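Participant: Take this structure first; my questions come after.
Derivation of every value follows stated rules applied to the coordinates shown; laboratory data play no part. The structure presented is a predicted model; accordingly, all values stated were derived computationally and were not measured. All Cβ positions, glycine included, derive from the backbone under ideal geometry; neighbour counts span all protein chains shown.
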Amino acid sequence: MRLSLVSAFIYVCGALAQSGSVSSYISTESPIAKAGVLANIGPSGAKSSGADSGIVIASPSSTNPDYLYTWTRDSSLVFKALIDQFTTGADTSLRGLIDEFISAEAILQQVSNPSGTVSTGGLGEPKFNIDETAFTGAWGRPQRDGPALRATAMITYANWLIADGNTTFVTNTVWPIIELDLNYVAGNWNQTTFDLWEEVDSSSFFTTAVQHRSLREGITLANAIGQTSVVSNFETQADDLLCFLQSYWNPSGNYITANTGGGRSGKDANTVLTSIHTFDPAAGCDVVTFQPCSDKALANLKVYVDSFRSIYAINSGIASNAAVATGRYPEDSYQGGNPWYLATFAVAEQLYDALIVWNQQGELNVTSTSLAFFQQFLPSVTAGTYASSSSTFSTLTSAVKTFADGFVLENAQYTPSDGGLAEQYSRSNGTPVSAVDLTWSYASALTVFAAEAGTTFASWGAAGLELPSTCSAGTSSGTVAVTFNVNATTVWGENIYITGSVPALQEWSTSTALLLSSADYPIWSITVDLPASTQVQYKYIRIYNGQVTWESDPNDEITTPASGSYIENDTWR
Ligand SMILES: *[C@@H]1O[C@H](CO)[C@@H](O)[C@H](O)[C@H]1NC(C)=O
Ligand SMILES: *[C@@H]1O[C@H](CO)[C@@H](O)[C@H](O)[C@H]1NC(C)=O
Ligand SMILES: *[C@@H]1O[C@H](CO)[C@@H](O)[C@H](O)[C@H]1NC(C)=O
Ligand SMILES: *[C@@H]1O[C@H](CO)[C@@H](O)[C@H](O)[C@H]1NC(C)=O
Ligand SMILES: *[C@@H]1O[C@H](CO)[C@@H](O)[C@H](O)[C@H]1NC(C)=O
């Protein structure tokens with residue numbers, strides 16, 4: 001009896017998975033994905049024997065590849081999906097499991113490991129043994145996205161607890177864990193990191209973006225529970241992170257370069273995952289935070305997707321504006337370098353998120369940056385704003401919906417009849433490849449299905465963020481070239497420097513003050529890029545035999561023009 005029921009179930013799944021609609025795939029795959037996630041969480045998950053309470057294994061696969069470890073990134077993304085289900089009321093049974101995750105992570109934070117102790121960098125350790133001991137083998141470490149993602153998952157739960165009247169538990173138990181992670185983010189974001197694929201040691205768009213997000217929502221939480229001492233530092237670091245985030249945009253390629261190192265094209269699912277994991281429905285199509293419907297994120301999505309059209313045999317014969325299977329990055333060769341379920345689902349999720357915002361705002365913008373994306377669906381479309389009452393809006397949104405569904409159906413086509421989601425499927429024939437039952441694959445199914453249903457989650461504070469005026473990273477606009485000339489008589493061996501109130505003028509440091517040229521002595525001169533339309537204070541200093549002499553008070557001051565350049569002529573005081 002039991003056996004025949006199981007066979008009937010498998011038969012139905014198989015039939016639907018191979019040829020059904022998106023809704024039929026979702027209705028069969030959704031419970032399988034949820035069960036797949038839960039099976040991989042200790043201590044009682046069906047496939048995670050040996051894992052401690054609250055510990056998420058990456059996959060039950062213990063050889064080729066051996067994923068029987070717990071990664072902070074994977075665990076945090078998986079629990080964020082579960083916490084979202086719990087806090088929105090979709091599954092109120094998850095609270096005990098979430099509390100076990102909190103306890104487990106509190107232990108892991110304190111485990112000394114090859115990256116350090118809790119206070120010397122250990123929070124950047126990427127993975128641990130499933131009995132909560134350190135993994136001491138060689139690995140790509142540190143990976144600085146983990147603490148940020150863990151903080152984001154826990155902040156989501158903390159906000160729910162506060163709304164539920166349980167601030168005590170937040171203040172006493174959850175906040176101390178979050179605070180350690182956010183202090184780590186604030187103190188270390190500007191150092192290199194291995195990327196989320198554990199291969200490239202540089203700076204990484206995904207890491208920068210999730211770090212920025214975690215600090216923003218951390219500031220709100222800290223204020224809500226009176227932990228205000230961290231706020232000013234977090235604000236400064238978040239502003240700097242947001243500036244730095246802009247620098248990944250590649251204006252000539254019209255896409256986001258995923259890593260500053262690595263020597264690849266930089267086209268990478270890293271960027272699409274960023275878009276869905278920093279989605280804030282309250283922020284509209286904000287481009288500064290690369291929201292899913294922002295012109296840059298859409299332009300990037302097209303370039304990323306197109307990079308897989310010709311390299312996978314299973315994508316051949318598919319129209320150039322239709323969905324295809326996608327992987328981590330086109331140059332990938334790991335385990336054969338195949339399509340990944342979580343990458344292909346992420347494309348669909350970004351598009352569903354975009355549709356949510358366009359429908360909510362009742363309009364859609366096409367810009368010169370996103371034109372190529374939209375012209376895939378309507379070659380005659382031009383830049384402009386299209387209200388929901390227009391036929392252009394209807395044409396484009398329905399085409400984007402079909403496009404999005406196509407990515408889900410790609411994965412559906414290559415989901416085996418039992419619904420199991422491995423890490424990859426073969427680029428040549430679509431059979432599952434690499435680790436079986438990848439927890440992150442199942443979690444990515446849960447989040448894309450929620451987005452398809454129009455589900456949104458609480459804002460993290462992306463709305464209305466503006467780039468600080470001192471932020472010039474990645475953009476040549478926003479700065480003006482200012483030449484400082486000062487008439488100063490000096491003795492042999494004595495030099496004139498400038499230091500001032502903005503980073504470009506070394507923020508009043510004398511040890512890193514900028515040396516002026518004496519080519520036109522007694523006029524000393526230097527040209528510096530300064531933020532436009534900004535009041536800047538400065539002084540010249542003389543340094544002779546290491547001895548610093550400041551100009552007399554008051555500080556010199558200029559207001560830089562909005563654009564162009566500016567020449568300031570001074571005489572030493
Ligand atoms: C607060 O939440 C924690 C974690 O779920 C729970 O153990 C505790 O009983 C809650 N306290 C109250 C007063 O609801
Ligand atoms: C540190 O920040 C500066 C300013 O945004 C940036 O130019 C530099 O690349 C960053 N370095 C790392 C490793 O993040
Ligand atoms: C469209 O562009 C206008 C003008 O820049 C902006 O105010 C509006 O929020 C945008 N709408 C969407 C949905 O992006
Ligand atoms: C520099 O200042 C000295 C003394 O004030 C003045 O005599 C000289 O003409 C100035 N030189 C220039 C090039 O402005
Ligand atoms: C400084 O002198 C140059 C010519 O040497 C002149 O073009 C410029 O306008 C002067 N700057 C100011 C602020 O007067």
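Participant: Whole percent per 5 Å bin, from 0 to the bin with the longest distance: what is P(r) over all C-alpha pairs of segment 512-556?
Facilitator: Percent of Cα pairs in each bin: 5, 15, 22, 27, 21, 8, 2, 0.
Participant: If you wrap a convex hull around the C-alpha atoms of segment 144-236 and split its volume per residue, what is the figure in Å³?
Facilitator: About 78 Å³ per residue, rounded to a whole number.
Participant: Which whole number of Å³ per residue matches the convex hull of the alpha-carbon atoms in segment 274-321?
Facilitator: Values: hull volume 4.1 nm³, N = 48.
Taking the convex hull of the Cα positions in segment 274-321, it is 86 Å³ per residue.
Participant: Pop out the ³J(HN,Hα) list for segment 232-242 in order, Karplus 6.51 cos²θ - 1.76 cosθ + 1.60 with θ = phi - 60°, rounded to Hz; leave Gly and Pro as x.
Facilitator: 5, 5, 4, 5, 4, 5, 5, 4, 5, 4, 5
Participant: Can you tell me what percent of all Cα-Cα pairs in the chain are more than 44 Å apart?
Facilitator: In whole percent, the long-distance tail amounts to 24.
Participant: Within the P(r) computed for segment 389-543, what percentage of the Cα pairs occupies the region above 22 Å?
Facilitator: Percent of Cα pairs beyond 22 Å in segment 389-543: 68.
Participant: Another question about this same structure. For segment 176-193, take each phi angle, set θ = phi - 60°, evaluate the Karplus expression 6.51 cos²θ - 1.76 cosθ + 1.60, and give the result in whole Hz per residue in order, putting x for glycine and proline.
Facilitator: x, 6, 4, 4, 4, 5, 6, 5, 5, 4, 4, x, 10, 4, 8, 10, 5, 8
Participant: Quick one: Debye curve from the alpha-carbon atoms of segment 276-356 only, equal weights, vacuum; give me log10 I(q)/I(0) at q = 0.20, 0.25 Å⁻¹ to two decimals.
Facilitator: Log-scaled intensity ratios, in q order: -0.89, -1.17.
Participant: Round to a whole angstrom and tell me the spacing of the C-alpha centers of segment 517-561 and segment 258-295.
Facilitator: Here the two parts' Cα centres lie 39 Å apart.
Participant: Specify which residue in the list V210, T171, P147 is farthest towards the positive end of the charge dipole of segment 147-233, using unit charges on the beta carbon of Lys, Arg (+1) and Asp, Glu (-1), about the Cα centre.
Facilitator: T171
Participant: On to the next question. Once you compute Rg and the Kirkwood Rh from C-alpha atoms, what is the Rg to Rh ratio for segment 297-398?
Facilitator: Expressed as Rg/Rh, it is 1.02.
Participant: Moving on. How big is the Cα convex hull of segment 479-571 in projection, averaged over all directions, in nm²?
Facilitator: Reported value for the Cα convex hull: 5.5 nm².
Participant: Suppose a student asked you for the relative contact order of the chain, using Cα pairs under 8 Å spaced at least 6 residues apart; what percent would you report?
Facilitator: 13
Participant: How big is the shadow of the Cα convex hull of segment 35-186, averaged over all directions, in nm²? Before the final figure, lay out the partial values.
Facilitator: Details: hull surface 34.3 nm².
The number I arrive at for segment 35-186 is 8.6 nm².
Participant: For segment 148-201 and segment 351-412, what is the centre-to-centre distance using only Cα atoms, to the nearest Å?
Facilitator: 34
Participant: Same structure again: Ranked by Cβ crowding within 10 angstrom, fewest neighbours first, how are S310, S441 ordered?
Facilitator: S310, S441
Participant: A further question on this structure: How much mean residue ellipticity at 222 nm does the chain get from its helices, if each DSSP H run of length 4 or more adds -39500 (n - 2.57) and you divide by all residues, to the nearest 500 deg cm²/dmol?
Facilitator: Numbers: 14 runs with 219 residues, N = 573.
So the helix-based figure for the chain works out to -12500 deg cm²/dmol.
Participant: Projected onto the charge dipole of the chain (+1 at Lys/Arg Cβ, -1 at Asp/Glu Cβ, origin at the Cα centre), which of I543, T344, A138 gives the Cα projection farthest towards the positive end?
Facilitator: T344
Participant: Hey, fewest Cβ within 10 Å first, where do V170, V536, V231 land in order?
Facilitator: Values: V170 24, V536 21, V231 15.
Sorted ascending by nearby Cβ count, the order is V231, V536, V170.
Participant: Sort W440, W197 so that the residue with the fewest other Cβ atoms within 10 Å of its own Cβ comes first and the one with the most comes last.
Facilitator: Numbers: W440 26, W197 20.
By the 10 Å Cβ count, ascending, the order reads W197, W440.
Participant: For a quick check: with amide H placed at 1.01 Å from N, whose amide H comes under 5 Å from S62's, ignoring anything fewer than 5 positions away on the same chain?
Facilitator: The answer is Y67.
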